[in-house]
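Have a look at the structure below, then the notes.
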Ligand code: PMP
């Protein structure tokens, strides 16, 4: 018999615990560098102007209702999502090799992909999942929940605070055939370190040679560099190389639709397959999984994104909004590096501007992180990751001086 007495206490989610500690702090100078959400120069959440416009259009639509979406979600949204991630003229789309389902943001897309693979990918054979070390911690939980065993590949080089490319390639070369390799498409979370295009080519080559399976997680397209094609390059290159692969796509960051949970899962079948029939079978199984898990996805966030993605004028405006967010973050990287260098803070700080996207792995130790929290009311995760979006022209001097003090 079962008694709830046997349920052990689980640890608090470290990131959400950090957010709660920040909210409790009453110091007027407190700085939140924990949460991975964009903030404007006044440390406030930013509703993208183009999202406000789309919202207005939807609210004035007399035909808008609250009916269920289809199991696979809003068709205009999923087809626009394919074009966004693969490129509008992608042969994979033309050849009908892509099947896509709207999901509960990026998390739901990673989960649906993991669940599908756990059920259909090499059943009864070895199938280890590889994550970068470090990775978004939720990857571990999501894949464990569907009983897929995992290992990690070296990724971050603590010495250079850049990519441990040799370690990465070496591990891929030694991975068992059929292993699933989870790859961050751009703006790697938590390090901000991405492979160069030349390195991606090498990674693709080894993945092909070793018969590994690429699983792309793309949560920052357009948000990293401000250029959608550039941030989508790695995925498009892999598809060009003829891989069968999956993609988990989030609209949380690049549309600022965090709580609306808009995302998409894509399965791209290989060019040599009998595309129509394989894609249809994959789609039919994904639909059953989706039905049993969420029945059908939430409508509003997808409607907003779809309104923008399918209207050339709004799309161009969205790109400008993306450049504003990424531009502010890149400016903060430059400012932080030069302030630390001016202060003569011990260590090198070029990694702050070499890294890209929402996060920077500062190299601060856990002890220094805790000191910053205690002495200066600055909140970041214990691994020394900072959300660049939490910095602005009002707090960057304060932050640089506090880091300088903590490091000395
Ligand atoms: N993958 C990575 C690497 C992420 O950083 C995030 C956002 N923190 C996600 C997936 C998914 O986030 P969401 O479910 O909010 O779209």
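Below is a table of values for the structure above.
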quantity: Residue that is farthest from residue 314 (Cα to Cα) [pool: residues in the range 1-36 that are in a loop (DSSP other than H, G, I, E, B) and within 24 Å of the chain's Cα centre (by Cα)]; calculated: 11
quantity: Residues of the range 238-258 that turn out to be assigned to a strand (DSSP E or B) and more than 9 Å from the ligand (Cβ to nearest atom), as a count; calculated: 3
quantity: Filter result for the condition that a residue is without any contact (Cβ under 8 Å) to a residue 24 or more places away in the chain, assigned to a helix (DSSP H, G or I) and more than 30 Å from residue 67 (Cα to Cα), over 319, 313, 341; calculated: 341
quantity: Residue in the range 114-128 that is touching a strand residue (DSSP E or B) at 6+ places or on another chain (Cβ under 7 Å), closer than 28 Å to residue 360 by Cβ, at pLDDT 95 or above and not in a strand (DSSP E or B) present; calculated: no
quantity: Every residue from the range 341-362 that is crowded, with 18+ Cβ neighbours inside 10 Å and within 23 Å of residue 186 (Cα to Cα); calculated: 349, 351, 352, 355, 356, 357, 358, 359, 360, 361, 362
quantity: Subset of the range 134-166 [crowded, with 16+ Cβ neighbours inside 10 Å and part of a strand (DSSP E or B)]; calculated: 150, 152, 153, 154, 156, 157, 162, 163
quantity: Qualifying residue in the range 269-289 (condition: under 25 Å from the mean Cα position of the chain (by Cα) and closer than 20 Å to residue 231 by Cα); calculated: no
quantity: Residue within the range 176-197 that is under 25 Å from residue 227 (Cα atoms), loosely packed, with under 15 Cβ neighbours inside 10 Å and either modelled with pLDDT of 95 or more or more than 15 Å from the ligand (Cβ to nearest atom) (or both) present; calculated: yes
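Residue-wise test of (1) more than 23 Å from residue 50 (Cβ to Cβ); (2) at pLDDT below 95; (3) surrounded by 24 or more Cβ atoms within 10 Å (Cβ to Cβ).
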position	(1), (2), (3)
221	no, no, yes
243	yes, no, no
265	yes, no, yes
295	yes, no, no
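The values are calculated or read from the model by the stated rules, or taken from the named source; none is laboratory data. This is a predicted model, so every value here is computed, not measured. Quick reminder, even Gly has a Cβ in these numbers, built from the backbone with ideal geometry, and neighbours come from all protein chains shown.
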